[in-house]
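The values are calculated or read from the model by the stated rules, or taken from the named source; none is laboratory data. Because the structure is a prediction, the values reported are computed rather than measured. Counting neighbours? That spans all protein chains shown, and the Cβs are built from the backbone with ideal geometry, glycine included.
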Amino acid sequence: MAKIDKAIKDIHTADNTSERNNSVHPVSWLLVTIIYIIAVVSFQKYNIAGLAGMVLYILIQCMWHEISIKDMIKRIWPVFLLTVLVGIANPLFDRTVSAGVLSMATLILKGIFCVTASYILFTHMGIRQICYALRILHFPKELVTILLLMHRYLIVLLKELERMQLAYKLRAPGQRGLHFKTWGSFVGLLLLRSIDRAGEVYDSMQLRGFNGTFQVFPERYNTVRSVAYAAVWCIAILALRIFPVFEMMEAAIWRILNLGV
Amino acid sequence: MHMADALLSPAVAGTMYACSALTAGYSVHKIRLENDEKKIPVMGVMGAFVFAAQMINFSIPGTGSSGHLCGSMMLSAILGPEAGFLTMIGVLMVQCLLFADGGLLALGANIWNMAFYGCFIGGMVIWKYMMRNGMSRRKIMAASILGCIMMLQLGAFSVTLETLASGITELPFGIFLAAMQPIHLAIGLVEGLITAAVLIFLYEVRPELLWNYHETGEKKSRLSYKGVIAVLAISAVVIGGLLSLFVSSNPDGLEWSVKQVTGTTELESKGGIYVLADRIQSVTSLLPDYTWKEGNSAGGTTFSGIIGGIVVVVLCIAVCLIIRFFRCRFGDKGNNGKD
């Protein structure tokens, strides 16, 4: 139940945040995020010093867009566990233990940075903007329509499921999960309700002139700002990828301190 | 089984994107050929259904744990493999884009691992093949379990290959594989049982919703029960009565082997127990070596073939009747005990 509530809340939150006046074009957002993720995963497995510099993108975005760190940590947690699970053998099987620890730490950092970048992207882009970006990138219209429809009926079906689960729990208190004897009828009923609903949806859509695809209308985006956003961030990410920022900062600090002495 | 971006190198992620994009392109092409406007809304709502169904915890009997649904096999069994694949892409995209479940760069790999095998191996190969002569509860159960196990085994194998090809983990291939496959065998079994339960429910309530039902599901068997019995009886008479005349006189495999070792196909047996068994057999065998006792003739072989078939049928029926008799008695006692 809590999981369903959380999912519904997440969808509402994503919709609400995306309704903010966002003047940057979604394709610019998508491009910057993909370049950032590619840059992150392209680091060598022992290059933790260089990888650490990529945190600057995350920090700046979080401060700029006032993203809740608490929510972000909740998102990162499962990926953190997954990367730890995959990388836990590295200290044992790598060349040396210290090399293994380094490669494991790099793997964990990569996982955290990638999820955070995706999270930042999608807290600022609703499904409508995503679909618009996908259409511009020549994704098949069928797929975009499926995405839009899925999003539209996700909350309806989740609420339906929540009601069914509540009814089930009231009749079977203290039971963990759905009893195997009711697997078929419970999920099957949800499925039948979904299909019936799909039929009603289709009928009403036809009455409104549906011709097989949804039209995703462009919104008003600031072209100059969008291009500037993409250009500045792409250059910054490439710079972070090439230059070890923290090592350079450390060297600069030492130089200043030495000059002072 | 959602992979994170960190588990893939850009080269492997790009390759998987290309593979998934090709399959998606093929599926879109097939859907466009169908030209069924109603299918797209159904796919959208079915995607939402799978997403909602993934939120349900299914308690696994005897373990105290619970399992979840992946859904690609179920979608294929309802929508068909191509439509199921596109719907699964939608589900995985929503999970990735809205819930950060599975990485953006790893989306291509996740589509391949979780949607391709379920839809094209589970749906297009296993489901289609097993349902080609009509549907039944047993077939649905077998296809669902087999399809889900195959899907998860191949998916887990792909995850292992992709991670190793990316050079992410230092785990040796064998150890990684040994860690991945058995757990996904258990998960596949649970997923198969859940899928089977739902599809059997659907088969009993609204069978027309299942994929291929109109084409093959309602096909009646070509012969009635009586027709099958008649064909079998005629076949037995023809084979036993006529074709038995043309049987080879050469020794069979065992006899040939014995002849190679000892130089003869008939071994001499000594000892009391062998003599006793021989005597019993000489009394009971009315048609020794498939001929009359008095001499070798074609009529004896034909008669042996036919009478042998009849005796086998009578014996089988007798055994079935005896089993039914005891089951009825046992069942009655059980009921009485309950009452």
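Within the stretch A:136-150, identify whether any single residue is within 19 Å of A:Val55 (Cα to Cα), within 17 Å of the chain's Cα centre (by Cα) and at the interface with chain B (Cβ under 7 Å from one of its Cβ atoms), and answer yes or no. Show your work before the answer.
Initial filter on the stretch A:136-150 (within 19 Å of A:Val55 (Cα to Cα)): none.
No; the residues of the stretch A:136-150 include none that is within 19 Å of A:Val55 (Cα to Cα), within 17 Å of the chain's Cα centre (by Cα) and at the interface with chain B (Cβ under 7 Å from one of its Cβ atoms).
Restricting to the stretch A:118-131, give me the number of residues that are part of a helix (DSSP H, G or I) and more than 9 Å from every other protein chain (Cβ to nearest Cβ). Reasoning before the result, please.
First pass over the stretch A:118-131, keeping only residues part of a helix (DSSP H, G or I): A:118-123, A:127-131.
Filter again for more than 9 Å from every other protein chain (Cβ to nearest Cβ), leaving A:120, A:123, A:128-129, A:131.
The number of residues fulfilling the criteria is 5.
Can you confirm whether B:Ile194 is crowded, with 20+ Cβ neighbours inside 10 Å and either hydroxyl-bearing (Ser, Thr, Tyr) or more than 20 Å from the chain's Cα centre (by Cα) (or both)? Reasoning before the result, please.
Working: crowded, with 20+ Cβ neighbours inside 10 Å: yes; either hydroxyl-bearing (Ser, Thr, Tyr) or more than 20 Å from the chain's Cα centre (by Cα) (or both): no.
Taking the combined requirement at face value, the residue does not satisfy it.
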Exercise for the section: Just give me the residues in the stretch B:81-103 being buried (at least 24 other Cβ atoms within 10 Å of the Cβ), assigned to a loop (DSSP other than H, G, I, E, B) and touching a residue at least 40 places away in the same chain (Cβ under 8 Å), in sequence order. Expected result: B:Gly102, B:Gly103
Handout entry: Residue within the stretch A:141-148 that is in contact with a helix residue (DSSP H, G or I) (Cβ under 9 Å, 6 or more places away or on another chain) and acidic (Asp, Glu) present
Key = yes
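Among the residues of the stretch A:31-53, which ones are among the hydrophobic types (A, V, I, L, M, F, W, C) and closer than 14 Å to A:Ser118 by Cα? I'd like the intermediate steps shown before the answer.
The initial filter retains those residues of the stretch A:31-53 that are among the hydrophobic types (A, V, I, L, M, F, W, C), namely A:31-32, A:34-35, A:37-41, A:43, A:48-49, A:51-52.
Selection gives A:Leu31, A:Val32, A:Ile34, A:Ile35, A:Ile37, A:Ile38, A:Ala39, A:Val40, A:Val41.
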Handout entry: Of residues in the stretch A:32-46 being of a type in the set (A, V, I, L, M) and within 21 Å of B:Val12 (Cβ to Cβ), the one farthest from the other protein chains (Cβ to nearest Cβ)
Key = A:Ile35
Practice task
Would you please name the residue that is farthest from the other protein chains (Cβ to nearest Cβ), looking only at residues in the stretch A:159-192 that are farther than 15 Å from B:Leu69 by Cα and in contact (Cβ under 8 Å) with a residue 60 or more places away in the chain?
Solution key: A:Leu166
Handout entry: Any chance A:Val115 is at the interface with chain B (Cβ under 8 Å from one of its Cβ atoms) and at pLDDT 80 or above
Key = yes
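Filter the stretch B:1-24 down to residues that are within 8 Å of chain A (Cβ to nearest Cβ) and at pLDDT 85 or above and give me whichever is farthest from B:Thr169 (Cα to Cα). Before the answer, list the steps.
Step one: list which residues in the stretch B:1-24 are within 8 Å of chain A (Cβ to nearest Cβ), which gives B:4-10, B:13, B:24.
Next, from what is left, pick out any that are at pLDDT 85 or above: B:8-10, B:13, B:24.
Values: B:Leu8: 10, B:Ser9: 11, B:Pro10: 15, B:Ala13: 16, B:Ala24: 30 Å.
Checked the stretch B:1-24; the qualifying residue farthest from B:Thr169 (Cα to Cα) is B:Ala24.
Residues being surrounded by 20 or more Cβ atoms within 10 Å (Cβ to Cβ) and not hydrophobic (A, V, I, L, M, F, W, C): count how many of those fall in the stretch B:181-191.
Taking the stretch B:181-191 and keeping what is surrounded by 20 or more Cβ atoms within 10 Å (Cβ to Cβ), we get B:184, B:187-188, B:190-191.
Subset that is not hydrophobic (A, V, I, L, M, F, W, C): B:184, B:188, B:191.
Selection size over the stretch B:181-191: 3.
For the stretch B:25-41, enumerate the residues that are at the interface with chain A (Cβ under 7 Å from one of its Cβ atoms) and in contact (Cβ under 8 Å) with a residue 40 or more places away in the chain. Steps first, please.
Filtering the stretch B:25-41 for residues at the interface with chain A (Cβ under 7 Å from one of its Cβ atoms) gives B:28, B:31, B:37-38, B:40-41.
Correct list: B:Val28, B:Ile31.
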Problem - Residue in the stretch B:157-180 that is more than 30 Å from A:Thr96 (Cβ to Cβ), crowded, with 22+ Cβ neighbours inside 10 Å and within 14 Å of chain A (Cβ to nearest Cβ) present - result: no
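Answer with yes or no whether A:Ile195 is facing chain B (nearest Cβ under 9 Å) and either on the phi > 0 side of the Ramachandran plot or assigned to a helix (DSSP H, G or I) (or both). Show your work before the answer.
Working: facing chain B (nearest Cβ under 9 Å): yes; either on the phi > 0 side of the Ramachandran plot or assigned to a helix (DSSP H, G or I) (or both): yes.
It is true that A:Ile195 is facing chain B (nearest Cβ under 9 Å) and either on the phi > 0 side of the Ramachandran plot or assigned to a helix (DSSP H, G or I) (or both).
Can you say whether A:Lys6 is over 22 Å from A:Leu109 (Cα atoms), in a helix (DSSP H, G or I), within 14 Å of chain B (Cβ to nearest Cβ) and without any contact (Cβ under 8 Å) to a residue 12 or more places away in the chain, as far as the supplied structure shows? Walk me through it before giving the result.
Numbers: over 22 Å from A:Leu109 (Cα atoms): yes; in a helix (DSSP H, G or I): yes; within 14 Å of chain B (Cβ to nearest Cβ): yes; without any contact (Cβ under 8 Å) to a residue 12 or more places away in the chain: yes.
Considered against the rule, which asks whether it is over 22 Å from A:Leu109 (Cα atoms), in a helix (DSSP H, G or I), within 14 Å of chain B (Cβ to nearest Cβ) and without any contact (Cβ under 8 Å) to a residue 12 or more places away in the chain, A:Lys6 comes out as yes.
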Handout entry: Residue check for B:Ile239: modelled with pLDDT of 75 or more and either within 30 Å of B:Asp5 (Cβ to Cβ) or out of contact with any Cys (no Cβ under 6 Å at 6 or more places or on another chain) (or both)
Key = no
Handout entry: Qualifying residue in the stretch B:28-43 (condition: closer than 22 Å to B:Asn113 by Cα, modelled with pLDDT of 80 or more and touching a Pro at 6+ places or on another chain (Cβ under 8 Å))
Key = yes
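Just to be sure before I move on: is B:Phe116 surrounded by fewer than 20 Cβ atoms within 10 Å (Cβ to Cβ), in contact with a helix residue (DSSP H, G or I) (Cβ under 7 Å, 6 or more places away or on another chain) and either closer than 20 Å to B:Leu7 by Cα or away from every other protein chain (no Cβ under 13 Å) (or both) in the structure I sent? Working first, answer last.
Details: surrounded by fewer than 20 Cβ atoms within 10 Å (Cβ to Cβ): no; in contact with a helix residue (DSSP H, G or I) (Cβ under 7 Å, 6 or more places away or on another chain): yes; either closer than 20 Å to B:Leu7 by Cα or away from every other protein chain (no Cβ under 13 Å) (or both): yes.
For B:Phe116, the condition - surrounded by fewer than 20 Cβ atoms within 10 Å (Cβ to Cβ), in contact with a helix residue (DSSP H, G or I) (Cβ under 7 Å, 6 or more places away or on another chain) and either closer than 20 Å to B:Leu7 by Cα or away from every other protein chain (no Cβ under 13 Å) (or both) - is not met.
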Fill in the blank from the handout: Taking the stretch A:198-223 and keeping residues more than 8 Å from every other protein chain (Cβ to nearest Cβ), at pLDDT below 75 and surrounded by 16 or more Cβ atoms within 10 Å (Cβ to Cβ) leaves A:Phe214, A:Val216
